[in-house]
Amino acid sequence: MTPHHFLSIADLSERQLRACLRLAARCKRNPRLGARALEGRVLALVFQKPSVRTRVSFEVAVRQLGGSAMYLGPDDAQLGTREPIKDVARTLSRYVDGIIVRTFRHSQVEEFARYASVPVINGLSELHHPCQALADLFTMQERFGGLKGRTVSYVGDGNNVLHSLAQAAAILGLHLRVATPDGYRPNRRIWRETARRAARRGARLAWVASPQDAARGADVLYTDVWTSMGQERERAARLKAFRRFQVNRRLLSEAARGCIVMHCLPAHRGEEITEDVLESRQSVVFDQAENRLHAQKALLMMVYGGRS
Ligand code: CP
């Protein structure tokens, strides 16, 4: 039997994504929902990078669903150095019922999925962060009731968080305006495919050079760190390139009244976002962090319970 992997948001149909968001809302209202969904199951978290939110929210989600979780950090699995990924994937598949993988390269997550005989969930790669996007869309839906016709503005690095956000927006028909420095645009292939999908839904996906043009009239202003894990050596160049792309009071004043500010965390205050905006009443960053738990419980219930 082919396992049901979740490597990117594009793996989901509109029906599945909407079902996941509805189920996340039910999980949030009733923390006991699905209390036996993972009974007797063990999931492994294979993480090559640090994590607070993804690790803890998944471990808590698995426990609340009646299963147990096991963490393997960078020193345990040593993917590709101690042994090939395909061997780790096949070995773990003999012990556990699912694997959540956080790696540097997306090709490594794909290799894991190719060889694992249990479901593989992407807990972040350099191209995608699909579990974050589930929580992001759930948070927007929670705030606005519906998402139709809303405009999301993303200002900053064209990274994995943006790719997953764009894919989710395209599936649900949200408009997305993105401002990045020219050398830090989103991945060309992902952007092209996502723009095509957005157009089919009647949604606009646009890249603009100016953060002000991106933010103007937006319902959501989203940013992420300028220097992600593994890019530390590029920090000085990135600080220079992203100088004009800070989310601050002036930029927020361009957005619609009632605009919410989002950030997947961790945040670097004074770089991509100012302290006052991050701590403002418009900021929903800790709802977003909390919603990782509810969205991932919904995802796990769909993967293991056949709920779709
Ligand atoms: N947003 C997010 O993925 O946080 P962590 O890196 O702490 O898991």
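The values are calculated or read from the model by the stated rules, or taken from the named source; none is laboratory data. Since the model is a prediction, treat every value here as computed from it, not as a measurement. With ideal geometry, Cβ positions are generated from the backbone for all residues, glycine too; neighbour counts draw on all protein chains shown. Accessible surface is based on the protein model in full, side chains and every heavy atom, while ligands, DNA and RNA are left aside. Shrake-Rupley method; radii C 1.70, N 1.55, O 1.52, S 1.80 Å.
Restricting to the stretch 60-84, name every residue that is at pLDDT 95 or above, part of a helix (DSSP H, G or I) and open to solvent by less than 60 Å² (accessible area, probe 1.4 Å).
Residues satisfying the conditions are Val60, Ala61, Val62.
Of the residues Val62, Val42, which single one is touching a strand residue (DSSP E or B) at 6+ places or on another chain (Cβ under 6 Å), within 16 Å of the ligand (Cβ to nearest atom) and closer than 19 Å to Pro119 by Cβ?
Numbers: Val42 fails: within 16 Å of the ligand (Cβ to nearest atom).
Only one candidate qualifies: Val62.
Using the structure shown, decide if Leu134 is open to solvent by 10 Å² or more (accessible area, probe 1.4 Å), within 16 Å of the ligand (Cβ to nearest atom) and not charged (D, E, K, R). Walk me through it before giving the result.
On the way: open to solvent by 10 Å² or more (accessible area, probe 1.4 Å): no; within 16 Å of the ligand (Cβ to nearest atom): yes; not charged (D, E, K, R): yes.
For Leu134, the condition - open to solvent by 10 Å² or more (accessible area, probe 1.4 Å), within 16 Å of the ligand (Cβ to nearest atom) and not charged (D, E, K, R) - is not met.
Looking at Gln48, is it touching a residue at least 40 places away in the same chain (Cβ under 8 Å) and open to solvent by 10 Å² or more (accessible area, probe 1.4 Å)? Steps first, answer last, please.
Details: touching a residue at least 40 places away in the same chain (Cβ under 8 Å): yes; open to solvent by 10 Å² or more (accessible area, probe 1.4 Å): yes.
Yes; evaluated as a whole, the condition is true for this residue.
Can you pull out the residues in the stretch 106-164 that are of a type in the set (S, T, N, Q), touching a Lys or Arg at 6+ places or on another chain (Cβ under 8 Å) and within 22 Å of Cys259 (Cβ to Cβ)?
Gln132, Thr151, Ser153
Give the stretch 128-146 a look and list any residue that's polar (S, T, N, Q) and closer than 11 Å to Arg292 by Cα, or say none. Working first, answer last.
Taking the stretch 128-146 as the starting set, the residues that turn out to be polar (S, T, N, Q) are 132, 139, 141.
Gln132, Thr139, listed by residue number.
From the list Arg53, Arg82, which residue is under 13 Å from the mean Cα position of the chain (by Cα) and not aromatic (Phe, Trp, Tyr)?
Working: Arg82 fails: under 13 Å from the mean Cα position of the chain (by Cα).
After applying the criteria, what remains is Arg53.
Going residue by residue through the stretch 24-38, is there one that turns out to be part of a loop (DSSP other than H, G, I, E, B), away from the ligand (no atom under 16 Å from the Cβ), open to solvent by 70 Å² or more (accessible area, probe 1.4 Å) and in contact with a Gly (Cβ under 6 Å, 6 or more places away or on another chain)?
Within the stretch 24-38, the subset part of a loop (DSSP other than H, G, I, E, B) is 30-38.
Narrowing the set further to residues that are away from the ligand (no atom under 16 Å from the Cβ) leaves 30-38.
Next, only the ones that are open to solvent by 70 Å² or more (accessible area, probe 1.4 Å) stay: 31-32, 36.
Now drop any that are not in contact with a Gly (Cβ under 6 Å, 6 or more places away or on another chain), which leaves 36.
Yes: the stretch 24-38 contains one or more residues that are part of a loop (DSSP other than H, G, I, E, B), away from the ligand (no atom under 16 Å from the Cβ), open to solvent by 70 Å² or more (accessible area, probe 1.4 Å) and in contact with a Gly (Cβ under 6 Å, 6 or more places away or on another chain).
Which of the residues that make up the stretch 202-231 are of a type in the set (D, E, K, R) and either closer than 19 Å to His163 by Cβ or more than 21 Å from the chain's Cα centre (by Cα) (or both)?
Of everything in the stretch 202-231, those that are of a type in the set (D, E, K, R) and either closer than 19 Å to His163 by Cβ or more than 21 Å from the chain's Cα centre (by Cα) (or both) turn out to be Arg204, Asp213, Arg216, Asp224.
Answer with yes or no whether Gly73 is over 15 Å from Gln296 (Cβ atoms) and without any contact (Cβ under 8 Å) to a residue 40 or more places away in the chain. So that I can check it myself, show each step before the final result.
On the way: over 15 Å from Gln296 (Cβ atoms): yes; without any contact (Cβ under 8 Å) to a residue 40 or more places away in the chain: yes.
Yes; evaluated as a whole, the condition is true for this residue.
Any chance the stretch 23-43 includes a residue that's within 17 Å of the chain's Cα centre (by Cα) and within 28 Å of Glu111 (Cβ to Cβ)? First the steps, then the outcome.
Going through the stretch 23-43, the residues within 17 Å of the chain's Cα centre (by Cα) turn out to be 24.
Now drop any that are not within 28 Å of Glu111 (Cβ to Cβ), which leaves none.
For the stretch 23-43, residues within 17 Å of the chain's Cα centre (by Cα) and within 28 Å of Glu111 (Cβ to Cβ): absent.
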